[in-house]
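Colleague: Let me begin by handing over the structure; questions about it come next.
The values are calculated or read from the model by the stated rules, or taken from the named source; none is laboratory data. Every value quoted in this text rests on a predicted model; they were computed, and no experiment measured them. All Cβ positions, glycine included, derive from the backbone under ideal geometry; neighbour counts span all protein chains shown.
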Amino acid sequence: MHIVIADDYQNCVKDLNCFSTLQGNEITVYVEPTKDKAKLIKRFINAEVIVVVRERITIDEELLKSLPKLKLIALVGRNSKFIDYAACTKYGIAVTHGEAASHLAPAECTLALMLAARRNIVLEAARMKAGLFPITLSHRLSGSILGIYGLGEIGEVVAKAAQGLGMHILIWGREGSFDRATSLGFEVAKSREDFFSRSDVISIHLRYNKDTFGLVKLADLMMMKPTALLVNTARAELIESGALEKALESGRPGYAAVDVYENEPILDGNHPLLKMDNVVCLPHLGWADHDTFELYFGEAFDQVDCFLKGQPLRLVNKDVVFKT
């Protein structure tokens, strides 16, 4: 079976223990990203199975009808809004998904960004290499207010760790976040304005869906303090398009630290946030650690193995009639 792993950005998949699951098949791994339709067709034209990280490429009917050998798409992750599942079903292509959710890796990344941005770690490391002086003053986390927007599993880990550093936790979100906050002894903000205006640091941990798309507006960000920090390791689309850049240019908030972008990956340093000295940017590393990759890719490879053995699959498109 010819298996194509579509987007191994870390160039590490072959070194994972779970990679042995695919032993005995013809395997092609691509590291360099592309969203170009013609290039994707060239890469996938002989593939019978594609393993793809969710939301990295668009798989639509135009692409699928050009891939006559394709039988299975194994998602690394739970779902993708960039796959036309109806078209997959139409062409007899099964799509499987993962079940695992690792909240520790993105929580750790959030805390790392918070510390790096608040204590000028990245800025001063670069300045030191350049021989620049004097040294800047940073902001202490202890005694400040951390606003968590969306208190799920990730937000809870971040909140508890920050509380251990001496931060006061303030919660905003939906009713579920309020209930969880109450059970954990965290303060619930009196209003949206209270949340954005009082927080010294705000970390976004909302699930991305049609209801949360663009939920954080420019007006919300403009309520933040000039000394405040906005951290986003969830999804860029949770913030109104262009709002963060505009808010930072206006000086409210004064700082940002982000790991997510509307169009990824960011190549050639071509993003406005990368040009701002008051922003710390990472290339979507929140989920990318060895343990998480073993878990997520392991699930996808197990689904490929089940497919090859004719065993039951964890299907997204449950009505698909398998291509022979």
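Colleague: Whether any residue in region 101-115 is among the β-branched types (V, I, T), without any contact (Cβ under 8 Å) to a residue 12 or more places away in the chain and assigned by TED's automatic domain parsing to the domain that holds N209 is what I want to check.
Modeller: Scanning region 101-115 turns up no residue that is among the β-branched types (V, I, T), without any contact (Cβ under 8 Å) to a residue 12 or more places away in the chain and assigned by TED's automatic domain parsing to the domain that holds N209.
Colleague: Answer with yes or no whether G286 is of a type in the set (G, A, S), modelled with pLDDT under 95 and buried (at least 19 other Cβ atoms within 10 Å of the Cβ). Don't jump to the end; show me each part of the working.
Modeller: Details: of a type in the set (G, A, S): yes; modelled with pLDDT under 95: yes; buried (at least 19 other Cβ atoms within 10 Å of the Cβ): yes.
The answer is yes for G286.
Colleague: Does at least one position in region 130-139 carry a residue that is surrounded by 18 or more Cβ atoms within 10 Å (Cβ to Cβ) and assigned by TED's automatic domain parsing to the domain that holds A257? Before you say what the answer is, go through the steps one by one.
Modeller: Going through region 130-139, the residues surrounded by 18 or more Cβ atoms within 10 Å (Cβ to Cβ) turn out to be none.
For region 130-139, residues surrounded by 18 or more Cβ atoms within 10 Å (Cβ to Cβ) and assigned by TED's automatic domain parsing to the domain that holds A257: absent.
Colleague: Can you tell me which residue in region 140-156 is surrounded by the most Cβ atoms within 10 Å (Cβ to Cβ), limited to those that are on the phi < 0 side of the Ramachandran plot and part of a loop (DSSP other than H, G, I, E, B)? Let's see the steps before the verdict.
Modeller: Going residue by residue through region 140-156, those that are on the phi < 0 side of the Ramachandran plot are 140-142, 144-149, 151-156.
Within this subset, residues satisfying the condition of being part of a loop (DSSP other than H, G, I, E, B) are 140-142, 144, 151-152.
Working: R140: 12, L141: 19, S142: 10, S144: 19, L151: 27, G152: 18.
Of everything passing the filter in region 140-156, L151 is surrounded by the most Cβ atoms within 10 Å (Cβ to Cβ).
Colleague: State yes or no: is E108 surrounded by fewer than 21 Cβ atoms within 10 Å (Cβ to Cβ), within 18 Å of A288 (Cα to Cα), at pLDDT below 95 and out of contact with any Cys (no Cβ under 9 Å at 6 or more places or on another chain)?
Modeller: On the way: surrounded by fewer than 21 Cβ atoms within 10 Å (Cβ to Cβ): yes; within 18 Å of A288 (Cα to Cα): yes; at pLDDT below 95: no; out of contact with any Cys (no Cβ under 9 Å at 6 or more places or on another chain): yes.
No.
Colleague: Is it fair to say L206 is among the hydrophobic types (A, V, I, L, M, F, W, C), surrounded by 15 or more Cβ atoms within 10 Å (Cβ to Cβ), part of a loop (DSSP other than H, G, I, E, B) and under 23 Å from the mean Cα position of the chain (by Cα)?
Modeller: It is true that L206 is among the hydrophobic types (A, V, I, L, M, F, W, C), surrounded by 15 or more Cβ atoms within 10 Å (Cβ to Cβ), part of a loop (DSSP other than H, G, I, E, B) and under 23 Å from the mean Cα position of the chain (by Cα).
Colleague: Also, quick follow-up: Please enumerate the residues belonging to region 172-199 that are under 17 Å from G152 (Cα atoms) and of a type in the set (D, E).
Modeller: If the condition is that a residue be under 17 Å from G152 (Cα atoms) and of a type in the set (D, E), then E175, D179, E187 are the ones that fit.
Colleague: For region 56-81, enumerate the residues that are surrounded by fewer than 17 Cβ atoms within 10 Å (Cβ to Cβ) and of a type outside the set (G, A, S).
Modeller: Listed by number, the residues that qualify are T58, D60, E61, E62, K65, P68, K69, R78, N79, K81.
Colleague: Would you mind stating whether T21 is closer than 18 Å to E294 by Cα, surrounded by 15 or more Cβ atoms within 10 Å (Cβ to Cβ) and touching a Leu at 6+ places or on another chain (Cβ under 8 Å)?
Modeller: Judged against the criteria, T21 is not a match.
Colleague: Here are some residues: D84, D15. Which one is exposed (fewer than 14 other Cβ atoms within 10 Å of the Cβ) and either without any contact (Cβ under 8 Å) to a residue 24 or more places away in the chain or not basic (K, R) (or both)?
Modeller: Numbers: D84 fails: exposed (fewer than 14 other Cβ atoms within 10 Å of the Cβ).
So the residue among D84, D15 that is exposed (fewer than 14 other Cβ atoms within 10 Å of the Cβ) and either without any contact (Cβ under 8 Å) to a residue 24 or more places away in the chain or not basic (K, R) (or both) is D15.
Colleague: Continuing with this model, one more query. From the list K160, K217, K190, K246, which residue is of a type in the set (K, R), farther than 27 Å from D277 by Cβ and within 24 Å of the chain's Cα centre (by Cα)?
Modeller: K160
Colleague: Looking at (1) exposed (fewer than 13 other Cβ atoms within 10 Å of the Cβ); (2) within 18 Å of N278 (Cα to Cα), can you tell me which one R127 breaks?
Modeller: Tallying (1) exposed (fewer than 13 other Cβ atoms within 10 Å of the Cβ); (2) within 18 Å of N278 (Cα to Cα), R127 fails exactly one: (1).
Colleague: Another one. Pull up region 88-100, narrow it to residues that are outside any loop (DSSP other than H, G, I, E, B) and touching a residue at least 60 places away in the same chain (Cβ under 8 Å), then point me to the one that is surrounded by the most Cβ atoms within 10 Å (Cβ to Cβ).
Modeller: Among them, the one singled out is V95.
Colleague: Looking at A243, A228, A247, A236, which is the one that is more than 19 Å from R192 (Cα to Cα) and in contact (Cβ under 8 Å) with a residue 12 or more places away in the chain?
Modeller: Within the list A243, A228, A247, A236, the selection yields A236.
Colleague: Let me ask something additional. Can you tell me which residue within region 157-174, out of those that are within 30 Å of K81 (Cβ to Cβ) and modelled with pLDDT of 95 or more, is surrounded by the fewest Cβ atoms within 10 Å (Cβ to Cβ)?
Modeller: That would be V157.
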